[in-house]
């Protein structure tokens, strides 16, 4: 009997994510060899097979993320419950700079997706995120949380097909500054985006979250369901 085709998602590339149908028939013993022969050295690949991951690690690949994708079907959307002094609004011009400190604080050392502390780089990252022609911003669903006139958190929602088998609204990032300490701020913010998406007739909202990220508990409480578990590896340079 023919072996199934081996698909490996390679991300990112200049043209966005690509799925490589490596071979029509790949025996289990040849899976790793097929990847290493067909995908350029140094590429980042997304795999859903843990055995293949382990074999690639033994060949010198480097794991950079253990990730889960999740989906909310928008059938039963929790009501947003902003706390005292908390309001929501759409993304505005200049928010990349205004929210850069919140992004840096949210991904401080110790976070599973920790990033650098450079405010300029954070602002550039946010600016490119909301102005990506391959993943256009959903302006109504992208919400910013404001406390006492200061933006402190954001849920950035784009229209995307950058994940295999997905086409629709995608939560590209949700982050909040640790201060002010407002319990439930993140859940209320994301609930507001979910309400808007449902009102606009969207079928679902997807997201990706790192395995050890405590935000998974928030997503679970809000009704997100698990779709896919995978590992992002960087292939050996040689």
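The values are calculated or read from the model by the stated rules, or taken from the named source; none is laboratory data. Because the structure is predicted, anything quoted here is derived from the model rather than measured. FYI the Cβ positions are ideal-geometry reconstructions off the backbone, even for glycines, and counts take in every protein chain you see.
Using the structure shown, decide if residue 186 is crowded, with 16+ Cβ neighbours inside 10 Å and in the same structural domain as residue 84 (by TED's automatic domain parsing). Outline the logic, then answer.
Details: crowded, with 16+ Cβ neighbours inside 10 Å: yes; in the same structural domain as residue 84 (by TED's automatic domain parsing): yes.
For residue 186, the condition - crowded, with 16+ Cβ neighbours inside 10 Å and in the same structural domain as residue 84 (by TED's automatic domain parsing) - is met.
Is it the case, given these coordinates, that residue 56 is at negative phi and not assigned by TED's automatic domain parsing to the domain that holds residue 139? Don't jump to the end; show me each part of the working.
Working: at negative phi: yes; not assigned by TED's automatic domain parsing to the domain that holds residue 139: yes.
Answer is yes for this residue.
Taking into account only those residues within the stretch 94-130 that are in a loop (DSSP other than H, G, I, E, B) and modelled with pLDDT of 95 or more, which is farthest from the chain's Cα centre (by Cα)?
Result: 94.
Scanning the stretch 193-209 for residues that are surrounded by fewer than 16 Cβ atoms within 10 Å (Cβ to Cβ) and over 15 Å from residue 137 (Cα atoms), which turns out modelled with the lowest pLDDT? Full working, then the answer.
Applying the first criterion (surrounded by fewer than 16 Cβ atoms within 10 Å (Cβ to Cβ)) to the stretch 193-209 yields 199-201, 203.
Add one more test, that the residue is over 15 Å from residue 137 (Cα atoms), and what stays is 199, 201, 203.
Details: 199: 96, 201: 95, 203: 92.
In this case the residue turns out to be 203.
Please specify each residue of the stretch 111-139 satisfying the condition of being buried (at least 17 other Cβ atoms within 10 Å of the Cβ) and more than 22 Å from residue 209 (Cβ to Cβ).
Scanning the stretch 111-139 gives a single hit, 123.
Answer with yes or no whether residue 166 is in the same structural domain as residue 95 (by TED's automatic domain parsing), modelled with pLDDT under 95 and within 14 Å of the chain's Cα centre (by Cα).
Numbers: in the same structural domain as residue 95 (by TED's automatic domain parsing): yes; modelled with pLDDT under 95: yes; within 14 Å of the chain's Cα centre (by Cα): yes.
So residue 166 passes the test.
Suppose we filter the stretch 100-110 for residues that are without any contact (Cβ under 8 Å) to a residue 60 or more places away in the chain and either surrounded by 16 or more Cβ atoms within 10 Å (Cβ to Cβ) or touching a strand residue (DSSP E or B) at 6+ places or on another chain (Cβ under 7 Å) (or both); how many remain?
2
Read through the list (1) over 17 Å from the mean Cα position of the chain (by Cα); (2) in contact (Cβ under 8 Å) with a residue 40 or more places away in the chain; (3) assigned by TED's automatic domain parsing to the domain that holds residue 146, then give the number of the only condition that residue 235 fails.
Result: residue 235 fails condition (3) only.
Could you please let me know if residue 95 is surrounded by 13 or more Cβ atoms within 10 Å (Cβ to Cβ) and within 19 Å of residue 214 (Cβ to Cβ)?
On the way: surrounded by 13 or more Cβ atoms within 10 Å (Cβ to Cβ): yes; within 19 Å of residue 214 (Cβ to Cβ): no.
Here the answer is no, as residue 95 does not meet what is asked.
Given the criterion touching a helix residue (DSSP H, G or I) at 6+ places or on another chain (Cβ under 6 Å), modelled with pLDDT under 85 and either farther than 30 Å from residue 238 by Cα or in a strand (DSSP E or B) (or both), identify the matching residue among 82, 78.
Going through 82, 78 in turn, the sole match is 82.
Among the residues of the stretch 140-158, write down those that are touching a strand residue (DSSP E or B) at 6+ places or on another chain (Cβ under 6 Å), without any contact (Cβ under 8 Å) to a residue 40 or more places away in the chain and surrounded by fewer than 22 Cβ atoms within 10 Å (Cβ to Cβ). Quick ask: steps written out before the conclusion?
In the first step, residues of the stretch 140-158 are kept if they are touching a strand residue (DSSP E or B) at 6+ places or on another chain (Cβ under 6 Å); the result is 141-147, 151-158.
Restricting the remaining residues to those that are without any contact (Cβ under 8 Å) to a residue 40 or more places away in the chain gives 155, 158.
The one that is touching a strand residue (DSSP E or B) at 6+ places or on another chain (Cβ under 6 Å), without any contact (Cβ under 8 Å) to a residue 40 or more places away in the chain and surrounded by fewer than 22 Cβ atoms within 10 Å (Cβ to Cβ): 158.
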